[in-house]
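Encoded as structure tokens, the structure appears first; notes follow it.
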Amino acid sequence: MQSKKTMANHSFDMLAESGEFMNLVLDNITSCVLLLDKDMRLQAFNNAIKTIFSNKTDEDLLYMLCGEAIGCAYQIEEAKDCGKTTKCCTCELRLAAFDSYLNNTTVYKQHIRRPFFNKHGEREMKDLQFSTRHFYFRKEKYIILIIDDITGKVTSPLPSE
């Protein structure tokens, strides 16, 4: 009899053979899945980014800095690159991603409340739950950042900006 772990590993064997199938799976996940490099630039993402964060319609997000791609209000209001605003040094998303990259740590279901701009140019507060993890692919190290918009679903108060 196979163990549950062995069975789970085999259940995704078909994905290794089909990049198209894997892309369909990722694009149908409601969580925003971001693949970041050491500079916090988007190397890949799923369609949920445009549902949860997009502050422009039909924009090309590939290789953008994370905060710019998700419409960080601080980056837009200060007109500075992601990583160079007055709030970047305390940005939980950024700190968690760097911690995963540098220290091989995993962050699991952390909550934050932050302002973002939507595609109508309106500033709005969002409650987010996020997780990070590092991994290697073809000798390069990456961070996967998974974000869920939990605005309106939070039962305990989160700190404001």
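The values are calculated or read from the model by the stated rules, or taken from the named source; none is laboratory data. Note that the coordinates shown come from a computational prediction; the quantities given were computed from them, not determined experimentally. Note that we place each Cβ from the backbone using ideal geometry, even for glycine, and neighbour counts take in every protein chain shown. Each accessible area value is taken on the protein alone, full model and side chains, heavy atoms only, with ligands, DNA and RNA left out. Shrake-Rupley method; radii C 1.70, N 1.55, O 1.52, S 1.80 Å.
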Inspect the stretch 70-77 for any residue being in a strand (DSSP E or B) and among the β-branched types (Val, Ile, Thr) and give the result as yes or no. no
Flag if LEU93 is in a strand (DSSP E or B) and either of a type in the set (Ser, Thr, Tyr) or in contact (Cβ under 8 Å) with a residue 24 or more places away in the chain (or both): no
Within the stretch 118-140, restricting to residues that are under 16 Å from the mean Cα position of the chain (by Cα) and more than 12 Å from ILE52 (Cβ to Cβ), the one that is most open to solvent (accessible area, probe 1.4 Å) is ARG133
Subset of the stretch 65-100 (residues that are open to solvent by 40 Å² or more (accessible area, probe 1.4 Å) and of a type outside the set (Asp, Glu)): ILE76, ALA79, LYS80, LYS84, THR86, LYS87, CYS89, THR90, ARG94, LEU95, PHE98
Residue by residue through the stretch 68-101, note down the ones that are farther than 19 Å from ARG123 by Cα and either touching an Asp or Glu at 6+ places or on another chain (Cβ under 7 Å) or small (Gly, Ala, Ser) (or both). GLY83, ALA96, ALA97, SER100
Reported set for the stretch 96-136 where residues are assigned to a strand (DSSP E or B) and basic (Lys, Arg) is LYS109, ARG113, ARG114, ARG123, LYS126, ARG133
Going through the stretch 140-161 one residue at a time, which ones are modelled with pLDDT of 90 or more and part of a loop (DSSP other than H, G, I, E, B)? ILE150, THR151
Long-range neighbours under 8 Å by Cβ, at least six apart or interchain, first residue under 11 Å from CYS82 (Cβ atoms) and open to solvent by 10 Å² or more (accessible area, probe 1.4 Å) within the stretch 31-45, second part of a loop (DSSP other than H, G, I, E, B) and of a type outside the set (Ser, Thr, Tyr): ARG41/MET64
